[in-house]
Amino acid sequence: MSLLANNQKIFFRNQIKDKFAEASLNDLLERSNVIVTHIKKLISLLSPSCLVWGGFCPLKDEPQIEDVYQNHLKWAYPKSDLNQNLKFYFKGSAPMVKGLFGVKEPIVDSQYECRYDQLQAVLVPGRAFDKKGNRLGRGGGFYDRVLPKLNAIKIGVGFDFQLIEEVPTESWDYSMDWIVTETQMINIKGT
């Protein structure tokens, strides 16, 4: 990674962290509810051909989108391993548990594994996005490693203040097909 790109990524991550600190919990929850409405609209638009979706259990500083998962679709959730890889699992009857990094994850059971080729659309968290579909993650590379393996519609989910002019990218970064915020549903690639 180039030093310049790394420094830019650190700068943007810190800038977004500061914006989260400035926002009230109630404001973020209200914005999250609007994001849920937009995701539901997108689901309606895509659901005739996309019935198996990848979701995520949000951290405190991500849009709270759990209400999106109460519908007719089949949802799979990511689980990280010690090698910083993500695999997706359908949620069985067991509750989600906190994983290695404090993220709620499904309990691993091979009967519930969702193969990458089963996913037709996937919701992707990020620290920042730009209108070209570029995404800045938290720096662990989890999604950078899994996104190229997915032949699914990739939907970045964030707040308006997470949209920046240009995300610094590297050769391994993978762009989104859509970006959804509380005021926008940006169709990047015409999917």
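The values are calculated or read from the model by the stated rules, or taken from the named source; none is laboratory data. None of these values were measured; they are calculated from a predicted model. Cβ atoms come from the backbone with ideal geometry, glycine included; neighbour counts cover every protein chain shown.
Structural remarks
- Sole residue being exposed (fewer than 14 other Cβ atoms within 10 Å of the Cβ), hydrophobic (A, V, I, L, M, F, W, C) and under 18 Å from P125 (Cα atoms), chosen from F20, F56, F101, F11: F101
- R127 satisfies every condition listed in (1) among the charged types (D, E, K, R); (2) more than 14 Å from the chain's Cα centre (by Cα); (3) closer than 20 Å to L28 by Cα except (2).
- D130 falls short on exactly one of the conditions (1) touching a helix residue (DSSP H, G or I) at 6+ places or on another chain (Cβ under 8 Å); (2) surrounded by 20 or more Cβ atoms within 10 Å (Cβ to Cβ); (3) at pLDDT 95 or above, and that condition is (1).
- Neighbours by Cβ (under 7 Å, 6+ apart or cross-chain): first from the range 107-132, closer than 20 Å to Y69 by Cβ; second charged (D, E, K, R) and surrounded by fewer than 20 Cβ atoms within 10 Å (Cβ to Cβ): E113/K87; Y116/K149
- Set side by side, the residues Q111, Q84, Q8 differ, and just one is out of contact with any strand residue (DSSP E or B) (no Cβ under 7 Å at 6 or more places or on another chain) and on the phi > 0 side of the Ramachandran plot, which is Q84.
- L73 being closer than 30 Å to F11 by Cβ and either of a type in the set (A, V, I, L, M, F, W, C) or touching a His at 6+ places or on another chain (Cβ under 9 Å) (or both): no
- If you go through the range 128-172 and keep only what is farther than 22 Å from Q84 by Cα and among the polar types (S, T, N, Q), you end up with just Q162.
- Checklist (1) over 19 Å from R13 (Cα atoms); (2) outside any loop (DSSP other than H, G, I, E, B); (3) free of Cβ contacts under 8 Å to residues at least 60 places away in the same chain applied to Y143, failing item: (1)
- Test: residue in the range 34-53 that is of a type in the set (V, I, T), at pLDDT 95 or above, closer than 17 Å to I186 by Cα and in contact with a strand residue (DSSP E or B) (Cβ under 9 Å, 6 or more places away or on another chain): yes
- One residue alone among M185, M176 is in contact (Cβ under 8 Å) with a residue 60 or more places away in the chain and more than 15 Å from L86 (Cα to Cα), and that residue is M185.
- Note on the range 65-95: among residues that are in a helix (DSSP H, G or I) and touching a Phe, Trp or Tyr at 6+ places or on another chain (Cβ under 9 Å), the one that is surrounded by the most Cβ atoms within 10 Å (Cβ to Cβ) is V68.
- Number of residues in the range 5-64 that are without any contact (Cβ under 8 Å) to a residue 60 or more places away in the chain, acidic (D, E) and part of a loop (DSSP other than H, G, I, E, B) equals 1.
To keep it simple, each residue is scored yes or no on (1) closer than 16 Å to P125 by Cα; (2) in contact with a helix residue (DSSP H, G or I) (Cβ under 6 Å, 6 or more places away or on another chain); (3) part of a strand (DSSP E or B).
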position: I155; (1), (2), (3): yes, no, yes
position: E165; (1), (2), (3): no, no, no
position: W172; (1), (2), (3): no, yes, no
position: S175; (1), (2), (3): yes, no, no
position: T183; (1), (2), (3): no, yes, no
position: I186; (1), (2), (3): yes, no, yes
position: G190; (1), (2), (3): no, no, no
